[in-house]
Structures are given as C-alpha cells and as structure tokens.
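**Student:** Pasting a structure below so you can have a look.
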Amino acid sequence: MSSLAVVSIPNEILDPQAKKMLHSRKRLTRKGSGLWGWLLKNLCRWWGFLLAAGALFVLLVEVGNLSKDAPKPLSVGLSISNKKGLDREDSSSSIASSYIKKEKKNHLDDLSMPTRRVGGMTESCLKLLSQEEIKNLQFPPSANSFNVNIHYKSGTADIQNQNSEGIRTTNSFTGNQTMSERADSFEVHNNVEVHCGFFSQNSGFDIEDDDKSFMNTCEAVVSTCIFGGGDVLYQPIGMANTSLTKVCYVAFLDNATFGTIEEAANYEHEAHKLGIWRIVVVHNLPFPDQRRNGKIPKMLGHRLFPKARYSIWVDSKYQFRRDPMAVLEALLWREKSTLAISEHGARKCVYKEGEAVVKKHKALPEEVALQLDQYRGEGFAENAIYDGHKALAEASVIVREHNPLTNLFMCLWFNEVVRFTARDQLSFPYVLCRFKLPHLKMFSVCTRRALVNALGHKHKAKQLEQVEIS
C-alpha cells in the first residue's frame, strides 16, 4: 500500500503570491486564539477592579435618582392645592424605589406610597384597602363596652398660675388641678371626675353657634389648627368622594390667621370653607402661649365634637394625603385598636428627649427640668417600654376612637401639658405608662410618612398679649 506523506515546503521556494497567502492564514490563526487568551488572562488579573467599577456605577445611578426626588423649595403662602384632590385616586399601589430611614420632606400633593424592607421583601409602609373597598366602607356598629362614666370638672373661680416662663398656665379655662387631684385622676373607676378644659363659662376658646351646630353633626373628623399666623393651611388629598360625605374636615384658626385668608379667592364666606376645610374661627384664646392653645383642638377633640366617634389629628406642618376611612380601617378597626400614634423616630428616652428640646431652644431649661425632675422623682424609667414598644411618641398624627378611656387619657395628657411644658412628647410616655391605656397602636415612622407630606412650619407663631380672661 502506498502512504500519503505530508511534505513541508520551505518558504524560500514559494512564489511571492503563495507566501502572502500563507502568512495571512497564520496571522488569522494567531489572532483568533490569541484574542481569547488575552481576554481570559486579563479578566483573571483585573476581575476585582472591574467588579468595584461596576458597583461604583450602580451607586452613582442611585444617587442620581435620589437627587431627582429631593424636595423643591415651596413658596410661602396659603396652599389651596388643586381641587383635583377630590377626584384623584389614591396611588397607594405605587411603590417607591426604597424606604429612606433618614426622614426627608415630601413634595406638596405627593400621593406616592413609601416602602420598606421586611424579611428581604419590599412592602408598603401603610397597607390600605383597594379603592372599591374604600368606597364601600362604613362605620362599625357602636358598642360601648367601657363601663366608665366621665364627669368633667367645672367651676366659676378665675385661677391664675404661672410657669417658669411667666406664662399663665392654669386659669378659668383649665381650673386649678391640685397634686392630689392629679394622682386621683389616674385611677379609673366606674365614675371619674377630671379636669379637662372648659372649666368655667366664658373662659376662652369661644366658637360661633353655627360652627358648633356643624361640629355636632360630625361622626368622624380630620382636624388641624393654626394659631398666631404661624403656618400654611395645606389642603388634604387622596380621599375618595364617598369619604367626603362621611368625614368632616375642620381647621381651627384664630382671628389673626383668619385675617390672612378671608380675602382669598377660594374662600367661601357663606359655607365657611377654604377648599375642603371647614374653617372654624376661635375667639378669646385662653393662653398667651400659642403652643398650649394648639393642644386644645389636638387633645380635647371629644369636647369640641361631642357626637364624633372617630378623629384624625394632623399637625399643621403636614399635608394629610390618605383617605380617612381607609386610615381608620387600617390603624384602628383592622388592628382592634382605639388609639394609634407614631413612635419617636430618633430617641426612646424621655430624659434624652428633654435634653434635645432644650438644645433646640424649644423650651426653657428650667421648665423642662421641673417636669423631668417630677417624673424622675416618681420613678419613671429612662427607656420606658409599653406593650413591647418604646413609649416615647412623635405626636403629630393621632388617630383615635372617642370612647371613655381614650377621652380620659387625652384629658390627663392635656393636664400635664398645662402643668408643665407644652412639648407634649415629654408628657405622653409618662401618662401612657401610668394610665396603662389598652388597645394602643404605636405605628412606625415609615407609616407616618405614608400618611402625610412633611412640609414643615413656615413661621414661628406670635405670642398673644397677656390679657385677663373673665
């Protein structure tokens, strides 16, 4: 048999055209294998650098996205907001890219729902019913299972005491609660007699009869107040049209604040309305300190709205942005709670909170020391815990049922604000732990951010002149 021999031909005997073809073929072969080898070699050498560069790129993209969400400067003035809030659907189903633990201010009229990470999963900060379910919500049947009758103390004496600021804190509006009466008020019996404002007739916080008549019709109410011209009145948004027939929206203003909006083009004089808000003008405020005046509608809503079963209080620095019926369902009815309030986002110790209040010049050191020395002397713990949660609250949003126990609790809280500082976060944990309010829900800062747009106070409220109240 013949065999096929492979003969190597030297380059020297090849003609020029053959040499050119041979060299081209070799270059292609070396280029193909060398490219992959070079890539593999350098990938092994520089993989750490490439990974770090990719991570840096992702970080820069996220920072860019956050900067787009930064709040824009808002003009100072009365926010009438667009009336589209009556018809806009609550966009609670939309999910933000992430929940930023460090609280930031929101945009005006923002309806987006903040989210958080729980167990590796992203969830909404507030789980609301669907729009169709919200439209069909009704108040649950009234069931008074609290065998407590509250009698509010009243009298005729004009009592005048002053705190360390020289501001009169007890007067004919509050009555003069003794320390013995204070101690007795925390004991719950079938019949309880307690100071709870409105101590005597013509003692202040006067409201027109037609406003009182309207307030007597409210079964549920969203309320706020501005005294001393200190803030912008933000229009609520995110509610269903059906909820507007079930829930009142009431903004309490003093004469000074009302004077700034009375001429507004949107103000309806006959209906006493500015947008969605029913405007209630309060005359003869009982305290020179506007912060204390603000505690009356905040804490004594059960006295101002005697027929109301539920209320949602929103500080004037916020824009309420959810359907009120949906909020009642999510925070009270679903949770079987009677009062819901936001836990404090920064601290858990009331004594540390007192230091922060003084450092931020929100109260005088002497009055804070007087209050906290009293609590410390009674053995109140530094990091008080109530029902598994820190007792220190951020009380700018309060959702509650009006029943004898929550009404009594709010009276006790108001009395502490009258006796000591107007910084109500200092007295809340003390009253809570001493009174032991049942069915309390402390919701997270994340949930509070879902309820409101935080827009801040625009001006410092002006102090009133100290006038005598007969």
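**Student:** In segment 432-441, which residues are assigned to a helix (DSSP H, G or I), within 15 Å of Leu339 (Cβ to Cβ) and touching a residue at least 60 places away in the same chain (Cβ under 8 Å)?
**Tutor:** Filtering segment 432-441 for residues assigned to a helix (DSSP H, G or I) gives 432-435.
Checking the rest, the ones that are also within 15 Å of Leu339 (Cβ to Cβ) come to 432-433, 435.
Hit for segment 432-441 is Phe435, nothing else.
**Student:** Hey, Val357 hits all of (1) on the phi < 0 side of the Ramachandran plot; (2) open to solvent by 40 Å² or more (accessible area, probe 1.4 Å) but one; which does it fall short on?
**Tutor:** (2)
**Student:** In segment 317-346, which residues are under 16 Å from the mean Cα position of the chain (by Cα) and within 20 Å of Asp424 (Cα to Cα)?
**Tutor:** Lys317, Tyr318, Leu339, Ala340, Ile341, Ser342, Glu343, His344, Gly345, Ala346, listed by residue number.
**Student:** Residue check: is Thr421 open to solvent by less than 10 Å² (accessible area, probe 1.4 Å) and within 18 Å of Val148 (Cα to Cα)?
**Tutor:** Numbers: open to solvent by less than 10 Å² (accessible area, probe 1.4 Å): yes; within 18 Å of Val148 (Cα to Cα): no.
So Thr421 does not fit the description; no.
**Student:** Continuing with the same structure: Would you pick out the residues in segment 338-350 that are surrounded by 20 or more Cβ atoms within 10 Å (Cβ to Cβ) and either free of Cβ contacts under 8 Å to residues at least 60 places away in the same chain or not in a helix (DSSP H, G or I) (or both)?
**Tutor:** Listed by number, the residues that qualify are Thr338, Leu339, Ala340, Ile341, Ser342, His344.
**Student:** Looking at (1) of a type in the set (Asp, Glu); (2) closer than 27 Å to Asn190 by Cα; (3) free of Cβ contacts under 8 Å to residues at least 40 places away in the same chain, find the lone condition where Asp387 falls short.
**Tutor:** (3)
**Student:** Could you tell me whether segment 314-321 includes any residue that is under 30 Å from Thr245 (Cα atoms), open to solvent by less than 10 Å² (accessible area, probe 1.4 Å) and basic (Lys, Arg)? Steps first, please.
**Tutor:** Of segment 314-321, the ones under 30 Å from Thr245 (Cα atoms) are 314-321.
Narrowing further to those that are open to solvent by less than 10 Å² (accessible area, probe 1.4 Å): 314, 319-321.
After this cut, where a residue has to be basic (Lys, Arg) as well, the list is 321.
Yes - at least one qualifying residue is present in segment 314-321.
**Student:** Restricting the search to segment 206-230, which residues are buried (at least 22 other Cβ atoms within 10 Å of the Cβ) and either assigned to a strand (DSSP E or B) or of a type in the set (Phe, Trp, Tyr) (or both)?
**Tutor:** Initially, segment 206-230 is screened for residues buried (at least 22 other Cβ atoms within 10 Å of the Cβ), giving 218, 221-227.
Result: Val221, Val222, Ser223, Thr224, Cys225, Ile226, Phe227.
**Student:** (1) open to solvent by 10 Å² or more (accessible area, probe 1.4 Å); (2) modelled with pLDDT of 95 or more; (3) not charged (D, E, K, R): which one isn't true of Ala330, the others all being true?
**Tutor:** Only one criterion is unmet by Ala330, namely (1).
**Student:** May I pose another question? Among the candidates Ser200, Ser130, Ser172, Ser145, which residue alone is open to solvent by 30 Å² or more (accessible area, probe 1.4 Å), modelled with pLDDT under 95 and among the small types (Gly, Ala, Ser)? Break it down into steps so the answer makes sense when it comes.
**Tutor:** Numbers: Ser200 fails: open to solvent by 30 Å² or more (accessible area, probe 1.4 Å); Ser130 fails: modelled with pLDDT under 95; Ser172 fails: open to solvent by 30 Å² or more (accessible area, probe 1.4 Å).
Selected residue: Ser145, the only one of Ser200, Ser130, Ser172, Ser145 that is open to solvent by 30 Å² or more (accessible area, probe 1.4 Å), modelled with pLDDT under 95 and among the small types (Gly, Ala, Ser).
**Student:** Can you name the condition, by its number, that Lys307 falls short on among (1) buried (at least 19 other Cβ atoms within 10 Å of the Cβ); (2) in contact with a Cys (Cβ under 8 Å, 6 or more places away or on another chain)?
**Tutor:** Every listed condition holds for Lys307 apart from (1).
**Student:** Could you tell me whether any residue of segment 182-192 is under 29 Å from Gly155 (Cα atoms), in contact with a strand residue (DSSP E or B) (Cβ under 7 Å, 6 or more places away or on another chain), open to solvent by less than 70 Å² (accessible area, probe 1.4 Å) and not in a helix (DSSP H, G or I)? Write out each step before concluding.
**Tutor:** Quick first cut of segment 182-192, residues under 29 Å from Gly155 (Cα atoms) only: 182-192.
Imposing the further condition that a residue be in contact with a strand residue (DSSP E or B) (Cβ under 7 Å, 6 or more places away or on another chain) reduces the set to 185, 190-192.
Next cut, open to solvent by less than 70 Å² (accessible area, probe 1.4 Å) only: 185, 192.
Imposing the further condition that a residue be not in a helix (DSSP H, G or I) reduces the set to 192.
Among the residues of segment 182-192, at least one is under 29 Å from Gly155 (Cα atoms), in contact with a strand residue (DSSP E or B) (Cβ under 7 Å, 6 or more places away or on another chain), open to solvent by less than 70 Å² (accessible area, probe 1.4 Å) and not in a helix (DSSP H, G or I), which makes the answer yes.
**Student:** Condition test on Ala308, is it small (Gly, Ala, Ser) and touching a Pro at 6+ places or on another chain (Cβ under 7 Å)?
**Tutor:** Values: small (Gly, Ala, Ser): yes; touching a Pro at 6+ places or on another chain (Cβ under 7 Å): no.
Against the criterion (small (Gly, Ala, Ser) and touching a Pro at 6+ places or on another chain (Cβ under 7 Å)), Ala308 does not qualify.
**Student:** Please find, within segment 238-281, the residue that is surrounded by the fewest Cβ atoms within 10 Å (Cβ to Cβ) out of those that are assigned to a strand (DSSP E or B) and basic (Lys, Arg).
**Tutor:** Here is the first cut: in segment 238-281, the residues assigned to a strand (DSSP E or B) are 248-254, 267-268, 273-274, 277-281.
From the residues that got through so far, the ones that are basic (Lys, Arg) too are 273, 278.
Values: Lys273: 15, Arg278: 20.
Result: Lys273.
**Student:** Would you be able to tell me the number of residues in segment 338-363 that are of a type in the set (A, V, I, L, M, F, W, C) and touching a strand residue (DSSP E or B) at 6+ places or on another chain (Cβ under 8 Å)?
**Tutor:** Start the filter on segment 338-363 by keeping residues that are of a type in the set (A, V, I, L, M, F, W, C), which leaves 339-341, 346, 349-350, 356-358, 363.
When the remaining residues are screened for being touching a strand residue (DSSP E or B) at 6+ places or on another chain (Cβ under 8 Å), the result is 339-341.
Within segment 338-363, residues that are of a type in the set (A, V, I, L, M, F, W, C) and touching a strand residue (DSSP E or B) at 6+ places or on another chain (Cβ under 8 Å) number 3.
**Student:** Moving on. Can you say whether Lys295 is more than 30 Å from Asn241 (Cβ to Cβ) and open to solvent by 20 Å² or more (accessible area, probe 1.4 Å), as far as the supplied structure shows? Can you show your working first?
**Tutor:** On the way: more than 30 Å from Asn241 (Cβ to Cβ): yes; open to solvent by 20 Å² or more (accessible area, probe 1.4 Å): yes.
Here the answer is yes, as Lys295 does meet what is asked.
**Student:** Among (1) of a type in the set (S, T, N, Q); (2) more than 17 Å from the chain's Cα centre (by Cα); (3) open to solvent by less than 10 Å² (accessible area, probe 1.4 Å), which single condition is Asn284 missing?
**Tutor:** Every listed condition holds for Asn284 apart from (3).
Table: residues versus (1) closer than 23 Å to His402 by Cα; (2) not in a helix (DSSP H, G or I).
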{"residue": "Pro286", "(1), (2)": "no, yes"}
{"residue": "Lys295", "(1), (2)": "yes, no"}
{"residue": "Lys307", "(1), (2)": "yes, yes"}
{"residue": "Ile312", "(1), (2)": "yes, yes"}
{"residue": "Glu355", "(1), (2)": "no, no"}
{"residue": "Tyr375", "(1), (2)": "no, no"}
{"residue": "Asn383", "(1), (2)": "no, yes"}
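The values are calculated or read from the model by the stated rules, or taken from the named source; none is laboratory data. Just so it is clear, the structure is predicted and the values come from calculations on it, not from any experiment. FYI the Cβ positions are ideal-geometry reconstructions off the backbone, even for glycines, and counts take in every protein chain you see. Surface accessibility is based on the protein's heavy atoms, side chains included, excluding ligands, DNA and RNA. Shrake-Rupley method; radii C 1.70, N 1.55, O 1.52, S 1.80 Å.
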